[in-house]
Amino acid sequence: MSYRIFYHHGFELGLATKVAKGVLDIDDKAIAIKSGGNAYHIAFHDVEDVELIRLHKVGRVIRLTHSGGTHFVSVVRFMVGQFALINFLATGRVFNRIQSAVNSKHNQA
């Protein structure tokens, strides 16, 4: 399934952080974040931690800590420049999907 997202690759996310717009695809083995010509593939077995956090009490953001660093991801309804309206429920569904996939991959190992 594909979701329109904003994302940031870095250690922290704040209101002044520059984020990028992209598309998140989830399959059975990995997450793919695509933005313009860039693509990040994160295998579920490489994910060390996945958290659902509240960003300044404004919306939900998923923090993915993996072997390649940390990604912050949130599903958006629309995004204009650096202003985004977060899809609260869809972000929760994506988090649940990623968390269950990561837990199942770690339990297999």
TODO: Estimate the FRET efficiency between S67 and R4 by the formula 1/(1 + (r/R0)^6), using the beta-carbon distance for r and 30 Å for R0, to the nearest 0.05.
DONE: 0.70
TODO: Can you list which of the chymotrypsin sites (Phe, Trp or Tyr not before Pro) found in the stretch 1-51 are DSSP loop residues with at most 15 other C-beta atoms within 10 Å?
DONE: F11
Open item on the list: Just to verify a number: FRET efficiency for V80 and E51, C-beta to C-beta distance, R0 = 22 Å, to 0.05?
Closed with: 0.20
Open item on the list: Please give the charge dipole size of the stretch 1-70, origin at the Cα centre, charges +1 on K and R Cβ atoms and -1 on D and E Cβ atoms. Round to the nearest 20 debye.
Closed with: 460
Open item on the list: With a cut-off of 8 Å between alpha carbons and a minimum separation of six or more residues, what is the relative contact order of the stretch 2-107 in percent?
Closed with: 25
Open item on the list: With a 10 Å cut-off between alpha carbons and a GNM built on the chain, which of F95, F83, F72 moves the most?
Closed with: F83
Task: the chain, helix-only ellipticity at 222 nm - DSSP H runs n ≥ 4, -39,500 (n - 2.57), divided by all residues, nearest 500 - done: -6500 deg cm²/dmol
Open item on the list: Quick check on the stretch 2-107: what are the equivalent-ellipsoid semi-axes from the Cα gyration tensor, as sqrt(5λ), descending, whole Å?
Closed with: 21, 14, 13
Task: Tilt relative to the chain, helix 88-108 - C-alpha long axis, 0 to 90 degrees, to 10 - done: 20
- [ ] List the trypsin sites (Lys or Arg not before Pro) within the stretch 30-109 that fall in a DSSP loop (any state other than H, G, I, E or B) and whose Cβ has at most 10 other Cβ atoms within 10 Å.
- [x] K57
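Values in this text are rule-based calculations from the coordinates and carry no lab data. None of these values were measured; they are calculated from a predicted model. Virtual Cβ from ideal backbone geometry, glycine too; neighbours counted across all protein chains shown.
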